[in-house]
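Worksheet for the structure shown next.
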Amino acid sequence: MIIKNASVLNEEGVLERKHIVVQDGVISKIQDAAEAVEEAGEIVEAEGKLLIPGLIDMHVHLREPGFEHKETIETGARSAAKGGFTTIACMPNTRPVTDSAEIVQLVKDKAREAGLVKVLPYAAITKNELGRELTDFAALKEAGAIGFTDDGVGVQSAQMMKDAMKLAKELDMPVIAHCEDNSLVEGAPVAEGTFADKHGLKGIPNESEAIHVGRDILLSEATGVHYHVCHVSTEQSVRLIRQAKQIGIKVTAEVCPHHLLLSEEDIPGMDANWKMNPPLRSRRDVEACIEGLLDGTLDIIVTDHAPHSEEEKAKGMQLAPFGIVGFETAFPLLYTAFVAPGKWDLSLLVQRMTADPARVFRLNTGSLTVGAPADLTLIDLNEEKEVDPATFASKGHNTPFTGWKLKGWPVKTWVDGRAVWSEA
Ligand code: DOR
Ligand code: ZN
Ligand code: ZN
């Protein structure tokens, strides 16, 4: 296959017109567009479109096994492909929890059957994510888990976390943490701030996240493990991670589009499509997250794609589950808000969603170079479309971005040279 006349970012972040030749699932040649096109089985005309390495999302919820009414591995993988993602890493808070080799195997089998994007399973740190007993890390690694996390809840005991880090370090595996001290949260549905005050809701304070970040940085220093912080949302967490990196502690971190785009002041009313964990924080926190992403304190962008059914979200702000879907809006949102108006370089956005996650998690994808897997995404930077959840491939329609007019929509996605999504 040849993808002809695509706009490709070079190492300086400048767009160049190239023909990309794909053979046996691998990028075999990158030709200057001035050169004649070789003979090929299939020719894809990409004139005027951006071609980037397939996006990588290291934090997603696919809900299978156990919550197939919210999403299945197949619908989640299709939603990811439609959003331009070619590799996704799924969280273990399924039912049963991914805390045994059998469930890791089941996730891998379902992903292979779906035959869409690459699905990398995380395994739980503690059995049933209850924080009481460690899982069998060696067996889970052997089965194919790529890291350990109790995402959905914080590991409340420092001793448990330290034991987990020691074990993970021995196995050369990362520990990925949802940072939340339950004693500071207790039933609060939104962050502390103007919205909580106005509606008489209990607020989640910033310290509930940052206390775990600080604790775990110290435990990472003590154990030497690679510690990765989930969905950073506070100024305090950014500050702690920045300082830890400066003194050489092996910490990396991620941030979600919604925490870069929305603050608690933007919540329009008691609509649970604006409820996620961590919650939307203050404008100041949003600015700190943006600054952290720009200076590399926050290494990567992830969606925390968290589909829920309409009935569940209809329970209202206090009772509905936390979470919003993310795959199908992530790139257009960030492109439209930051790149199109000239605030960020296109190459920075692409790097934080491709090369950087590949570096942090040692994946053999995320770059557009000869010899790399042909995991590729073609993007239309010009056509403007409204976010319409009715068109989502995901079973989840829970998004606060309905009606937003965006550019930068993925139009075609390939995994190992195979088309897994094509717009119309
Ligand atoms: O918003 C969230 N949704 N945060 C979490 O921690 C869990 C996730 C989910 O599983 O729905
Ligand atoms: Zn989480
Ligand atoms: Zn999550």
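The values are calculated or read from the model by the stated rules, or taken from the named source; none is laboratory data. Source: prediction; values computed, not measured. Every residue, glycine as well, gets a Cβ built from its backbone with ideal geometry; the counts of neighbours run over all protein chains shown. Each accessible area value is taken on the protein alone, full model and side chains, heavy atoms only, with ligands, DNA and RNA left out. Shrake-Rupley method; radii C 1.70, N 1.55, O 1.52, S 1.80 Å.
Counting the residues of the range 313-348 that are open to solvent by 10 Å² or more (accessible area, probe 1.4 Å), touching a Gly at 6+ places or on another chain (Cβ under 7 Å) and either free of Cβ contacts under 8 Å to residues at least 40 places away in the same chain or among the small types (Gly, Ala, Ser) (or both) gives 1.
Applying the set (1) outside any strand (DSSP E or B); (2) open to solvent by less than 20 Å² (accessible area, probe 1.4 Å) to Ile211 leaves exactly one unmet item: (2). For the range 139-168, a tally of residues being away from ligand 1 (no atom under 16 Å from the Cβ), in contact with a helix residue (DSSP H, G or I) (Cβ under 7 Å, 6 or more places away or on another chain) and part of a loop (DSSP other than H, G, I, E, B) returns 2. Filtered by the rule that a residue be of a type in the set (A, V, I, L, M), closer than 26 Å to Gly316 by Cβ and in contact (Cβ under 8 Å) with a residue 24 or more places away in the chain, the range 362-405 gives a lone residue, Val387. Of all the listed residues (Glu129, Glu180, Glu142, Glu113), the sole one being out of contact with any Asp or Glu (no Cβ under 8 Å at 6 or more places or on another chain) and of a type in the set (Asp, Glu) is Glu142. The residue of the range 169-196 that is most open to solvent (accessible area, probe 1.4 Å), among those that are outside any loop (DSSP other than H, G, I, E, B) and touching a Gly at 6+ places or on another chain (Cβ under 8 Å), is Lys169.
Taken over the range 88-122, residues that are at negative phi, outside any helix (DSSP H, G or I) and either crowded, with 22+ Cβ neighbours inside 10 Å or not polar (S, T, N, Q) (or both) amount to 19.
Counting only helices (runs of 4 or more DSSP H) that fall entirely inside the range 291-369 and contain at least 1 residues that are closer than 21 Å to Thr72 by Cβ and not β-branched (Val, Ile, Thr), the qualifying elements are 310-313, 330-334.
Taking the criterion of being within 16 Å of ligand 2 (Cβ to nearest atom) and either open to solvent by 10 Å² or more (accessible area, probe 1.4 Å) or part of a helix (DSSP H, G or I) (or both), would at least one residue in the range 259-273 satisfy it? Within the range 259-273, one or more residues are within 16 Å of ligand 2 (Cβ to nearest atom) and either open to solvent by 10 Å² or more (accessible area, probe 1.4 Å) or part of a helix (DSSP H, G or I) (or both). Thr252 meets all of the listed conditions (1) within 20 Å of Arg352 (Cα to Cα); (2) open to solvent by 10 Å² or more (accessible area, probe 1.4 Å); (3) in a helix (DSSP H, G or I) but one, namely (3). Scanning the range 146-168 for residues that are within 16 Å of ligand 3 (Cβ to nearest atom), crowded, with 24+ Cβ neighbours inside 10 Å and without any contact (Cβ under 8 Å) to a residue 60 or more places away in the chain yields a count of 3.
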